Amino acid sequence: MSVLDKGTRYSFECIPHKPSQWETTEMKLKLMQWNLDQHGGVKRFRMRGKFDPANDAAFLRAFFESKSVRANLPFPATMPASLDDLSFRKLKTNVLSMAFFDKLEACPDIVSCGGMLRRCMDDVVDDCTVNDNLRDMLVNPHSDHASSLFSSSEQDEAIFQIFKRLAIGGAMAQHDDTLQPYLDCTKQVYKALLSVHKATSSHHHHSENAADPLAKTQIGVRTSLYMVHTGERDSNQQEIVVSNATRQLFPKPNSPFNACFVAVDPHTFSVLCWYVPFVPFW
């Protein structure tokens, strides 16, 4: 159990079963193909203590310092016992429709007819192999589409960051030639991380696409979703300083593609953590 500065106490107990989305054959195969199964992992925890979103830094510190959390996720053995300066982002969860990605399919420089990804000359960006324009957009800050296709605000959406991790994959990823597999897995991960309910007031997220399984009218999101990562850039694509404590959460501390998602559902007192480090193969 971690004791916080203001006397607030949290403890975490691992729930042994993975979210159902991770247990499907298709998801297992894709995570293996994209080299996202080897170094990372997903775990759900039962939380004791009242979550205070106004003091989320203290909560995240308690979470990552918890012995139970550390015992059940593959963090580096060199991770320090005390994490007093974590860098993190609270992600937006406004998007409730996969139509968010329609602009990708409508961009002929990235997706050609039939959903095939446009190839490009092979390149390596921060140990990540790039051979199509989708990954070039996601990993190369100097790409023509790095900030023009999705605005800074849209890139703060959780669904975009999930898609980004899946599309980049691991260093040994065998990438798909089409866009659809990445969209399909993004939908499943997003549904696993988010807890929703039917909104009873006028202040709710409203989806525009009723045909989409994610898109139901008058749906409210009760999850607070955070991302701890080492690839922070501002709206001008300038790198933002990330704390050393944050970097120590990952085997390759300086990779800009490290990420760890922490989804907190205060209604069920549960926390779902998806740990996605990027580990070069050389």
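Do we have Arg118 as charged (D, E, K, R) and in contact with a Leu (Cβ under 9 Å, 6 or more places away or on another chain) here?
Criteria met by Arg118.
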**Asked** Mind checking which pairs have a first residue in region 25-40 that is closer than 10 Å to Val276 by Cα and a second that is surrounded by fewer than 20 Cβ atoms within 10 Å (Cβ to Cβ), Cβ under 6 Å, 6 or more apart or different chains?
**Response** His39/Val279
**Request:** Taking the residues in region 250-264 that are in contact with a Leu (Cβ under 8 Å, 6 or more places away or on another chain) and not aromatic (Phe, Trp, Tyr) as candidates, determine which candidate is farthest from Arg61 (Cα to Cα).
**Result:** Asn258
**Prompt:** Assuming Val130 fulfils every condition listed in (1) surrounded by fewer than 20 Cβ atoms within 10 Å (Cβ to Cβ); (2) in contact with an Asp or Glu (Cβ under 7 Å, 6 or more places away or on another chain); (3) closer than 23 Å to Pro251 by Cα apart from one, which condition is it?
**Reply:** (1)
**Asked** Does Leu36 satisfy the criteria of being modelled with pLDDT under 95, crowded, with 19+ Cβ neighbours inside 10 Å and either among the aromatic types (Phe, Trp, Tyr) or touching a strand residue (DSSP E or B) at 6+ places or on another chain (Cβ under 9 Å) (or both)?
**Response** no
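For region 68-86, name all the residues that are in contact with a strand residue (DSSP E or B) (Cβ under 7 Å, 6 or more places away or on another chain) and buried (at least 16 other Cβ atoms within 10 Å of the Cβ).
Residues satisfying the conditions are Ser68, Val69, Asn72, Leu73, Leu86.
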**Asked** Within region 99-106, is there a residue that is in contact with a helix residue (DSSP H, G or I) (Cβ under 8 Å, 6 or more places away or on another chain), assigned to a loop (DSSP other than H, G, I, E, B) and in contact (Cβ under 8 Å) with a residue 60 or more places away in the chain?
**Response** no
**Request:** Please work out which residue is nearest to Gly231 (Cα to Cα), limiting yourself to region 107-132 and to residues that are in contact (Cβ under 8 Å) with a residue 60 or more places away in the chain and assigned to a helix (DSSP H, G or I).
**Result:** Gly115
**Asked** Within the bounds of region 76-98, is there any residue that is assigned to a helix (DSSP H, G or I) and farther than 25 Å from Val196 by Cα?
**Response** no
**Item:** Output for region 142-176, where each listed residue is part of a loop (DSSP other than H, G, I, E, B), closer than 21 Å to Leu91 by Cβ and within 19 Å of the chain's Cα centre (by Cα)
**Value:** Ala146, Ser147, Phe150, Ser151, Asp156, Gly169
**Item:** All positions within region 133-159 that are within 21 Å of Leu36 (Cβ to Cβ), in contact (Cβ under 8 Å) with a residue 40 or more places away in the chain and buried (at least 21 other Cβ atoms within 10 Å of the Cβ)
**Value:** Leu134, Arg135, Val139, Ala158, Ile159
**Request:** Look at Val42 and say whether it is closer than 22 Å to Lys191 by Cβ, surrounded by 15 or more Cβ atoms within 10 Å (Cβ to Cβ) and touching a helix residue (DSSP H, G or I) at 6+ places or on another chain (Cβ under 9 Å).
**Result:** yes
**Request:** Under 6 Å between Cβ atoms, at least 6 apart or on separate chains: pull out the pairs that start in region 69-85 with a residue that is at pLDDT below 95 and end on any residue that is of a type in the set (D, E, K, R).
**Result:** Leu83/Arg61; Leu83/Glu65
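Restricting attention to region 8-29, does a residue exist that is in contact with a Phe, Trp or Tyr (Cβ under 6 Å, 6 or more places away or on another chain), surrounded by 14 or more Cβ atoms within 10 Å (Cβ to Cβ) and modelled with pLDDT of 95 or more?
Looking for residues that are in contact with a Phe, Trp or Tyr (Cβ under 6 Å, 6 or more places away or on another chain), surrounded by 14 or more Cβ atoms within 10 Å (Cβ to Cβ) and modelled with pLDDT of 95 or more, one finds at least one in region 8-29, hence yes.
The values are calculated or read from the model by the stated rules, or taken from the named source; none is laboratory data. For clarity, every value in this text was computed on a predicted model and none was experimentally measured. Cβ sites come from the backbone with ideal geometry, for glycine too, and all protein chains shown count toward neighbours.
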